[in-house]
Every structure is written in structure tokens, then in C-alpha cells.
Amino acid sequence: KGIAKYGNVSLERVVLLNFLYDIYAYDHKERSKSVSVIVEIYDENNPLIVGHVFDYIYSDILRNLTINVEGRNNNPYAPVFLGTSFAGMIGLYMGVSAGCCSVSITERITNVNETWREIFTNLKAGYNTTSFITRSLMQSDQLITFQEAAVILSNSRIVAPCYLMIGGQYDGVLVTRDCNGAFDKAFLSGQTEWYLIGTNYDPWESPPSDDNRKQVVIHQLESAGRGNIDTGNLVKALLVSPIVNDRTAFVAATTPDYWGPYSSVIYYPDN
């Protein structure tokens, strides 16, 4: 209600905006092309960096609404989380909470034929948007560990399927989710490479021949070199086609689990 009041827009429009991303996950005509990545660098104190490329069909509108946000509880001088979102949105699609973790959300399309009736049935049953659950977790007054955050985000009931890239201080995990829970988790510590990459396809499946984003991400990381990557350089590495495209709204990178550098840029295709 506060957003509607001070934004001078109807409450209905604010509610629709906050559920739009989840609802359109069931539109199989246009697949999102977002990317999430965790890389392990040579830093004993803060060895991980996470990056996210946010892609959506209304990016021409969302670019003008993209903002970095700070969440605060009782202490107005001590933010509890940092993130990138959109004006009018309550949830977070990319964020980091000190002492906890970082989280980025990527759209997942399944072959399940969900109908509008089933979506609203889920809403009435108490299912929530992943972005709002992420925001609530990061703004919690309780100290939550990476492992606890992974359990919460894996088991909470959500409106639409998705992929979650969750980063802690020393490990990360790519969670493949449906509405009722996780059925696959890939940990960075279980990889032979020094990075973990998620797109909009299940990790165990091969992407279509016309979508080579994952291979381009690998090329960019290997070219930059493990010893040369920081948050700024990771953003630059991801700002190349086809990792970014006409529907990319923003690219962001941060170090999970502590207040390190937070880098983000709004992506304009013509610039």
C-alpha cells in the first residue's frame, strides 16, 4: 500500500507488478536468457564472487526502473542487505546479506501445463514469489547461515519454478526448483572447474544448438583468468553478446557473506 500511495499508482498495479515475473514463467513462447555464475578466486578471506545477468521481456521498461537497494531493520545506519531490483518491487532478484549469503533468481520453464486457475490456486494456498522469500530471508533479524538459507530457499513453496544460485563464503549451490521444492542441487565444491554456471536450462540437459551462452561465459572466465577476477571485472566479462542481449535489464556482481564490493550496471543494447 505504501508503494501505491507514494508512487501515485493503483494497488492493483503494484500487486500485478510484483507477481508478473512468476506468472510469465508459464508463458512458454519466450524463454528468458538470464545467467547466474559463482567463481572461486585466489582470496583466502573471501574466495567467492557471484554474478547475475537479468533478462526479461519488458526490459525496455525495467531498465528505467532498475535500482540498487539497501534493506534496513531497526538501525537506520546499518543495512542488512544490498541488492538490485526495480522501483515498485518488494522482492529481490539479486542480493547479498552480510553474514548469510547471496542469492540470484533465474527463470525456469518446464513442460508442465500449468493453467491460470492452478497458478491462482497456489497463491490462495499460501505459495509466494521467490523474490519475496529471498527478500524476507535477507532482511531477517536472525543470523542465518549459508546452509540454512539453502534449505529455506529449497523447501519454501513458490508460485513458479526457477533456478536459485546461492553463494556462501566458501561454497555455492545451483538449486533447480519446482513449486513445491528442490529436486536437484549442484554445489561448487563438487565441480572440477573453479566456477558454477546456471542459465535457463536444467544442468543435466544440453541447451539448444542456437544457445551457446554457457560456453561463452566459460570462455570469458577462462580468458580473464582466475587470478584477475573481481566484481568489476566479472561484470565486464559478462557484458558481451550473447550473454547479454536486447532483453537484458542489468548485470550485477558481488562477494557473498560479507560487505564487499557490489558492482551493477543497467544494460542498454545501443550503447
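The values are calculated or read from the model by the stated rules, or taken from the named source; none is laboratory data. It should be emphasised that the depicted structure is a prediction, and the values quoted were computed from it without experimental measurement. As a convention, Cβ positions derive from the backbone with ideal geometry for all residues, glycine included, and neighbour counts pool all protein chains shown. Keep in mind that these areas ignore ligands, DNA and RNA; they rest on the heavy atoms of the full protein, side chains included. Shrake-Rupley method; radii C 1.70, N 1.55, O 1.52, S 1.80 Å.
So the values come out like this:
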quantity: Where a residue in the stretch 45-72 is part of a helix (DSSP H, G or I) and its partner, wherever it lies, is exposed (fewer than 15 other Cβ atoms within 10 Å of the Cβ), with Cβ under 8 Å and at least six apart; calculated: 59/246; 63/268; 65/87
quantity: Given (1) more than 19 Å from the chain's Cα centre (by Cα); (2) open to solvent by 30 Å² or more (accessible area, probe 1.4 Å), number of the condition residue 119 does not satisfy; calculated: (2)
quantity: Hey, residue 57 open to solvent by less than 40 Å² (accessible area, probe 1.4 Å), within 24 Å of residue 242 (Cα to Cα) and either aliphatic (A, V, I, L, M) or at pLDDT below 85 (or both) or not; calculated: no
quantity: Wholly enclosed strands (runs of 3 or more DSSP E) of the stretch 160-267 bearing at least 2 residues within 28 Å of residue 147 (Cα to Cα) and open to solvent by 50 Å² or more (accessible area, probe 1.4 Å); calculated: 182-187
quantity: Residue in the stretch 16-26 that is among the charged types (D, E, K, R), under 22 Å from residue 133 (Cα atoms) and at pLDDT 70 or above present; calculated: yes
quantity: Hits in the stretch 79-100 (condition: over 10 Å from the mean Cα position of the chain (by Cα) and β-branched (Val, Ile, Thr)); calculated: 80, 90, 96
quantity: Residue among 270, 184, 178, 230 that alone is out of contact with any Phe, Trp or Tyr (no Cβ under 8 Å at 6 or more places or on another chain), modelled with pLDDT of 90 or more and among the acidic types (Asp, Glu); calculated: 230
quantity: Residue check, residue 145 open to solvent by 10 Å² or more (accessible area, probe 1.4 Å), more than 21 Å from residue 18 (Cα to Cα) and of a type in the set (S, T, N, Q); calculated: yes
quantity: Count - residues of the stretch 81-100 that are surrounded by fewer than 24 Cβ atoms within 10 Å (Cβ to Cβ), in contact with a Ser or Thr (Cβ under 6 Å, 6 or more places away or on another chain) and hydroxyl-bearing (Ser, Thr, Tyr); calculated: 0
quantity: Residue check, residue 109 of a type outside the set (D, E, K, R), part of a loop (DSSP other than H, G, I, E, B) and either within 21 Å of residue 199 (Cβ to Cβ) or touching a residue at least 24 places away in the same chain (Cβ under 8 Å) (or both); calculated: yes
quantity: Residue match in the stretch 121-134 (condition: more than 28 Å from residue 74 (Cβ to Cβ) and not in a helix (DSSP H, G or I)); calculated: yes
